[in-house]
Every structure is written in structure tokens, then in C-alpha cells.
Amino acid sequence: MSAPAVSFGTGPLSRAAALIHTLLTVEALLLATAAPGLAGLLLLGPDPSNLPLAAVCLLPLGPAVSAAVYALHRRSRDLTDLHPARAFLRGWRLNAVPALRLWAPLLGWLTLIAFTLTHFTATGLPRWWAALLAATGAGGLLWGAHALLLTSLFTFRARDTARLAAWFLLRHGRTTLAAASLTVLAGALTVLLGEALAAVAAAPLLLSLLHAGRPVIAETEREFTA
């Protein structure tokens, strides 16, 4: 009996080409929408006093990353049916404001922690406070990973998204652990390659986060959406 015919655009090579095309398109649009802030970030020196300005420069990154997650989640595996740019722009229109409502406070909190740690000797606090602040910052980043998935793919109020993200932080430990691994990887790339080159890896990292977050997405669809 002959093997079933594979239509054009659905074979393994076509799926690989579709994935590469989607990643490149989403990466380009992410960098373009975040470019004003990233350009300012590159002009800032490494002085800790520039941390508040760096936070302002990073504000456009939140909506850009959310739009990228939206587009990657809706990517097609069919080479003949690719619309990643359309999906990205739709995601940006839908998620820019909701993402900023969560990203801006998180960014402000992380900036405060980083500023305190870089000037810790001047605070006069015991050393264990530094460890506590670092742990709080790490927890905030992991909470932000869950919040990113939720706000990019679902329409909840900001406070409901924040609560769900905190709940999933402990409920889905594997997703949280994967987010931690990706955060460490992103940080290592930034240190080794610099902010500009590390940003080029954003789309693959976000696709990995989506893959790791499938249990969170599935439970949210099942339990919290009609």
C-alpha cells in the first residue's frame, strides 16, 4: 500500500522553514518595537546611578515581548499559511496597555532592588538583607514570566493576572524552573555578548518559555475561561 501523499507546506522541511521564518520575523518586529528604549540603553554607561534611566529605557520592551509571545503562540506550521507579522502587530495592539500595567510596576520594583544592592554598604543593613533582596528580585522575575504568558494570551484584569501568576508560581514548579533556567541563560548571554547581541536570541527564548508554559496555558483555558 502506498504511503499517503504529503501536501506542499506541511512536510518536515516546510515546517522547519515555517519556524525559521516565524522566528526571524518576530525577532525583527520585537527589536523594532523595542528599539527606542534599547538604543537609549546602549548609550548609558554601566554606572549604578543610571539604573532609573535604564528602567525607563526598558519600558517599551514589555509590550514588545508580550506581542512576540502572542505571535509565537499563534504561529502556523504550514509554510503556505504564515502571517507572523500580522499576529505580532495584533498582539501589540491588544496587549500593549495590559502588559505595561504589570511590566512597569515590576520594572520599578526590580530597579529599586538593584539600586539598593549596588549601594548596599551605604544602607547600614545587615548582610542577610542583601540575600533577602536578591531572592525577592529573583522571585519577581519568575512571577513576571508567568504574568507574561497570562497577559499575552488571555484577557484578564491586571490584578487577576497578578494573582494567577503568583498562584502558578508554586503550582507549576516545572514551568517556574524552566523560566528560571531561561532567565539565567538570558543573563549569561547579556554578560557575555552584551545587550544588543543577547536581544537577538529573544524569539527562541520566548518560544522555549511558551513550550515550558503549556501546563499553565492549558489549566488557565480549562479553569478560568468560558
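Every number in this text was worked out from the coordinates using simple rules, so none of it is lab data. Since we're looking at a predicted model, the values are computed, not measured. Because the Cβ atoms are built from the backbone with ideal geometry, glycine has one as well, and the counts that use them run over all protein chains shown.
Under a Gaussian network description of the chain, with springs only between Cα atoms under 10 Å, the residue in TRP109, TRP143, TRP92 that fluctuates furthest is TRP109.
With contacts taken as Cα pairs under 8 Å at a separation of at least 6 residues, the stretch 12-224 carries a relative contact order of 23 percent. Its Kirkwood hydrodynamic radius, worked out from the mean inverse distance over all distinct Cα pairs, puts the stretch 109-161 at 12.7 Å. Footprinting exposure proxy ranking of ILE217, ILE20, ILE113, fewest other C-beta atoms within 10 angstrom first, gives ILE20, ILE217, ILE113. Across all Cα atoms of the stretch 52-150, the radius of gyration (one decimal) and Dmax (whole number) stand at 17.6, 63 Å. The Rg/Rh ratio of the stretch 109-219, with both radii computed over alpha carbons and Rh defined as the Kirkwood radius, is 1.02.
Available extension along the chain between ARG90 and ALA122 is 6.8 nm, counting 0.36 nm per residue and deducting the alpha carbon span. When both the stretch 109-128 and the stretch 157-226 are represented by their alpha-carbon centers, they are found 26 Å apart. How many percent of all Cα-Cα pairs in the stretch 12-224 sit more than 23 Å apart? Here the tail beyond 23 Å accounts for 48 percent of pairs. Within the listed set SER181, SER66, SER152, the residue fluctuating most in the Gaussian network model of the chain (springs between alpha-carbon atoms under 10 angstrom) is SER181.
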